[in-house]
Amino acid sequence: MITILFEIAQEVLVFFRWAVILAALFSMLASFGVLDTRNRIVYLIGDFLYRVTEPALRPIRNLLPSFGSIDLSPLVLLLLISAAQVLLERIYAAIVYGNVQGLFL
């Protein structure tokens, strides 16, 4: 049962990682005029990606200094997601295998 929960948490983090990458790409392509956001499908995809990623990106944007038009918050969020995945793997190993020392390395 615990393995299923950790697998679901890992998959959610993987999904969220892809959502952040796609949202950053979508934002960049829309700002350069490659994507036409007046198209209904394109607008719906962009709106979905914005609604999924913005609650996590907004606090990071508030903490980071302004770099002009460059937004580094997706990069910071991807690093935090990677750290969360490593931490989740170590917690799983500590619970299932009794490897408590792996938590502190």
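Which residues, taken from the range 64-81, are part of a helix (DSSP H, G or I) and touching a residue at least 24 places away in the same chain (Cβ under 8 Å)?
So the first thing to find is which residues in the range 64-81 are part of a helix (DSSP H, G or I), and the list is 73-81.
Passing the criteria: 74, 77, 78, 81.
Looking across the range 30-53 at every residue that is assigned to a helix (DSSP H, G or I) and more than 19 Å from the chain's Cα centre (by Cα), the one that is modelled with the lowest pLDDT is identified as 31. At pLDDT below 95 and over 19 Å from residue 86 (Cα atoms): does that describe residue 26? Considered against the rule, which asks whether it is at pLDDT below 95 and over 19 Å from residue 86 (Cα atoms), residue 26 comes out as no.
Of everything in the range 29-68 that's more than 21 Å from residue 82 (Cβ to Cβ) and acidic (Asp, Glu), which residue is surrounded by the fewest Cβ atoms within 10 Å (Cβ to Cβ)? Steps first, answer last, please.
Initial filter on the range 29-68 (more than 21 Å from residue 82 (Cβ to Cβ)): 29-48, 50-51, 62, 65-68.
Retained after the next criterion (residues that are acidic (Asp, Glu)): 36, 47.
Values: 36: 9, 47: 11.
Among them, the one singled out is 36.
Please tell me if residue 86 is modelled with pLDDT of 95 or more and not charged (D, E, K, R).
Details: modelled with pLDDT of 95 or more: no; not charged (D, E, K, R): yes.
Answer is no for this residue.
The values are calculated or read from the model by the stated rules, or taken from the named source; none is laboratory data. This structure is a prediction, so every number in the text was calculated from the model and none was measured. No Cβ is skipped: glycine too gets one built from the backbone with ideal geometry, and neighbour counts run over all protein chains shown.
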